[in-house]
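**Student:** Provided herewith is a single structure, encoded as structure tokens, for subsequent inquiry.
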Amino acid sequence: MRLGELAQRLGCQLEGPPEIEISGVAGLEEALPSEVSFFSNRRYYRQALETRAAAVIVGPTEQLSGRPLLRSANPYLSFAQAIDLFHPPRRPAPGVHPTAVIAPDVKIGRNASIGAYVVIEEGVTLGDDCVLKPFVVIYRGARIGHRFFAHSHAVVREEVEIGDDVILQNGAVVGADGFGFARQDDGSYYKITAAGSAIVEDGVEIQAHSCIDRATVGVTRLRRGVKVDNLVQVGHSCDIGQNTLICGQAGLAGSCKVGRQVVLAGQVGLAGHLTIGDHVIATAQTGIPSDVESHRIVSGSPAMDHARWLKCVAGYARLPELYAAFRKMRAGQANKMPDGPGSPGEA
């Protein structure tokens, strides 16, 4: 593909010769003279100057002299789109593998691709263009929309509802029992039946080995466009707002309500029954014990305003020196104190 055609297909403004032949995409340090890269973080300015890439996707005002540029309002998005142009997603051919076990009343849409050892229980509905890779299991009564893609060992539990264009990566589980047990008089625990369900709306992706628990009663809901990273736990009866990102190893206890376009970074933990407002950012390893208002950035454990947390971290790094100075100051003050009545210095 020539650079001019690539610019046109990406909607970028080209600064450079359009006839350069482009063979692919790569990072700044790895790019070959026939590949395109991107630059959006000033930390990588030196690499951008030294890259061998044929052209670099940059922002509207970025300057990199001496090389062709593709100007984009969102360089990272344009680079992602360029990847798809050179590496279009591959879809398995339609068909049902002979080892798949499918209940007689299952309704399957057009062009389904169902792999080896898939199990689909009674009462399930699958939309058009669905892909179930080997060893996927769909429990009874699940209702799944169009263009569903489930990778190997993903599980959709009973009565779960899934919208269109949903992706489950390997080992993801939607609708497992929540962690609910009532303590009995003898100290043992009585299992609370998870009588509710889980709803995953359109455009959601749940990545490898993440668990979305069903509600005890009612529903657990992941709203449109939510993205869940690997090894995430979403507890029973949670409600996750549109286009929220939940990053790796984050954990949400039961009955949390999370707003729209929230970012919960890696290893963030939420206590139960919390409300997190819209557009909140919780930085990595934040522990959140109470509600958070919209449009805030929080850090630390327990969570506090991010700017205050930065000051606390700076102070904590100097704590040994500060403590030593404090002890020295206190000792000096004690030595200057006048002798009291009855002290050895009294005449």
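**Student:** Pick from 178, 203: which is within 22 Å of residue 270 (Cβ to Cβ) and part of a loop (DSSP other than H, G, I, E, B)?
**Tutor:** After applying the criteria, what remains is 178.
**Student:** Determine whether residue 284 is surrounded by fewer than 17 Cβ atoms within 10 Å (Cβ to Cβ), closer than 28 Å to residue 305 by Cα and of a type in the set (A, V, I, L, M).
**Tutor:** Criteria met by residue 284.
**Student:** So, in region 100-118, exactly how many residues are in contact with a Cys (Cβ under 9 Å, 6 or more places away or on another chain) and either in a strand (DSSP E or B) or under 30 Å from residue 33 (Cβ atoms) (or both)?
**Tutor:** Of the residues in that region, 3 qualify.
**Student:** Separate question: How about region 131-145: which of its residues are more than 23 Å from the chain's Cα centre (by Cα) and surrounded by 17 or more Cβ atoms within 10 Å (Cβ to Cβ)?
**Tutor:** 135, 137, 138, 139, 142, 143
**Student:** Return yes when residue 157 is under 18 Å from residue 102 (Cα atoms), surrounded by fewer than 17 Cβ atoms within 10 Å (Cβ to Cβ), modelled with pLDDT of 95 or more and of a type in the set (D, E, K, R) and no when it is not.
**Tutor:** When the stated conditions are applied, residue 157 does not pass them.
**Student:** Could you name every one of the helices (runs of 4 or more DSSP H) located completely within region 1-99 that has at least 1 residues being touching a residue at least 40 places away in the same chain (Cβ under 8 Å) and more than 30 Å from residue 148 (Cα to Cα)?
**Tutor:** Hits in region 1-99: 3-10.
**Student:** Please find, within region 291-347, the residue that is farthest from residue 272 (Cα to Cα) out of those that are polar (S, T, N, Q) and either at pLDDT below 95 or in contact with a Pro (Cβ under 7 Å, 6 or more places away or on another chain) (or both).
**Tutor:** 343
**Student:** Residue 46: more than 25 Å from the chain's Cα centre (by Cα), of a type in the set (D, E, K, R) and farther than 13 Å from residue 14 by Cα, yes or no?
**Tutor:** yes
**Student:** Under 12 Å from the mean Cα position of the chain (by Cα) and under 16 Å from residue 220 (Cα atoms) - does that describe any residue in region 267-276?
**Tutor:** no
**Student:** Test residue 198 against the stated conditions and say whether it is in a strand (DSSP E or B), at pLDDT 95 or above and over 18 Å from residue 274 (Cα atoms).
**Tutor:** Spelling it out, residue 198 is indeed in a strand (DSSP E or B), at pLDDT 95 or above and over 18 Å from residue 274 (Cα atoms).
**Student:** Which one of these does residue 232 not meet: (1) surrounded by fewer than 18 Cβ atoms within 10 Å (Cβ to Cβ); (2) of a type outside the set (Lys, Arg); (3) in contact with a Ser or Thr (Cβ under 6 Å, 6 or more places away or on another chain)?
**Tutor:** Result: residue 232 passes all but (1).
**Student:** Hey, among 221, 260, which residue is assigned by TED's automatic domain parsing to the domain that holds residue 182, among the charged types (D, E, K, R), in contact (Cβ under 8 Å) with a residue 12 or more places away in the chain and not in a strand (DSSP E or B)?
**Tutor:** 260
The values are calculated or read from the model by the stated rules, or taken from the named source; none is laboratory data. Because the structure is predicted, anything quoted here is derived from the model rather than measured. Ideal geometry is used to build each Cβ from the backbone, glycine not excepted, and the neighbour counts take in all protein chains shown.
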